[in-house]
Amino acid sequence: MGPEAIIETTICEEARAAGWKAWKLTFLGVRGAPDRAFGKAGRAIIMEFKRRGEWPTKQQSKRHRELREYFGFEVYWVDNAQDARRILNL
């Protein structure tokens, strides 16, 4: 398991314990889908997990922009557990 997978697994466990739904995302026929959707009390957050110091690819950045502009989602990418916790108020 890579470093980003460890962060993702940890955050998903903590989020579920705090009452969030945490779903793995895949977009059939579309590249660059973010890793997870988190939902709680009417709030929907899309999150991309990266290794420390790594940035989303061009394709991922495009998907993030589309999710914000067309669907109104909060979309974040994180490379550490502390930022993910802050976003989810854990």
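The values are calculated or read from the model by the stated rules, or taken from the named source; none is laboratory data. Small disclaimer: the values here were computed from a predicted structure and weren't measured. Note: ideal-geometry Cβ built from the backbone for every residue, glycine included; neighbour counts use all protein chains shown.
Residue check: is Phe27 among the aromatic types (Phe, Trp, Tyr), exposed (fewer than 12 other Cβ atoms within 10 Å of the Cβ) and not in a helix (DSSP H, G or I)? Considered against the rule, which asks whether it is among the aromatic types (Phe, Trp, Tyr), exposed (fewer than 12 other Cβ atoms within 10 Å of the Cβ) and not in a helix (DSSP H, G or I), Phe27 comes out as yes.
Looking across the range 34-54, the residues that are assigned to a loop (DSSP other than H, G, I, E, B), under 20 Å from Leu88 (Cα atoms) and without any contact (Cβ under 8 Å) to a residue 40 or more places away in the chain come down to Asp35, Ala41, Gly42.
Considering only the range 55-63, I want to know if a residue exists there that is under 16 Å from Asn89 (Cβ atoms), in contact with a Phe, Trp or Tyr (Cβ under 9 Å, 6 or more places away or on another chain) and at pLDDT 95 or above. The answer is no; no qualifying residue exists.
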